[in-house]
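K.L.:
Here you go, one structure.
Taken together, the values in this text are just the output of simple stated rules run on the coordinates, not laboratory data. Small disclaimer: the values here were computed from a predicted structure and weren't measured. Using ideal geometry, Cβ is built from the backbone for each residue, glycine included, and neighbour counts are taken over all protein chains shown.
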Amino acid sequence: MSTFNFHGNIEGPANFGDNGRIEINNGADAATVLRVADQLVDRLRGENPALVAPARVIQGELAQAGQEGRAADRGRIRSALETISVGVAAGSGGFALAQELARALGM
């Protein structure tokens, strides 16, 4: 079951939350998500340096989206997370952070 956060007026079946906009953030704000991405980069530097590049893709996309005031490119982030998840060992800190980041982004 997903958690949907509705902020604002609820008006009819087709117009609810934030004046007609539905906000789904799974309880994580942008600063928290960016902090987890930073932790992922740091963790992978020690665990698996070959996977730092896809972690930086995630970090860069989140930072750039925040600066430009747009939504992050979910496809780009999902692809990088899949690369990381395949390359790190199950049960490692990098794997746990990748899963946490995916959950925070609702993926």
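K.L.:
Residues in the range 32-78 that are in a helix (DSSP H, G or I) and either farther than 16 Å from GLY106 by Cα or charged (D, E, K, R) (or both): how many?
P.N.:
32
K.L.:
What residue, of ALA37, ALA50, ALA90, ALA63, is of a type in the set (A, V, I, L, M) and free of Cβ contacts under 8 Å to residues at least 24 places away in the same chain?
P.N.:
ALA90
K.L.:
Taking the range 79-107, which residues are assigned to a helix (DSSP H, G or I) and among the small types (Gly, Ala, Ser)? Don't jump to the end; show me each part of the working.
P.N.:
From the range 79-107, those assigned to a helix (DSSP H, G or I) are 79-87, 93-104; that's our starting set.
Matches in the range 79-107: SER79, ALA80, SER85, GLY87, GLY93, GLY94, ALA96, ALA98, ALA102, ALA104.
K.L.:
Same structure again: Please go through the range 58-94 and give me each residue that is farther than 19 Å from THR32 by Cβ and surrounded by 19 or more Cβ atoms within 10 Å (Cβ to Cβ), ordered by number.
P.N.:
VAL88
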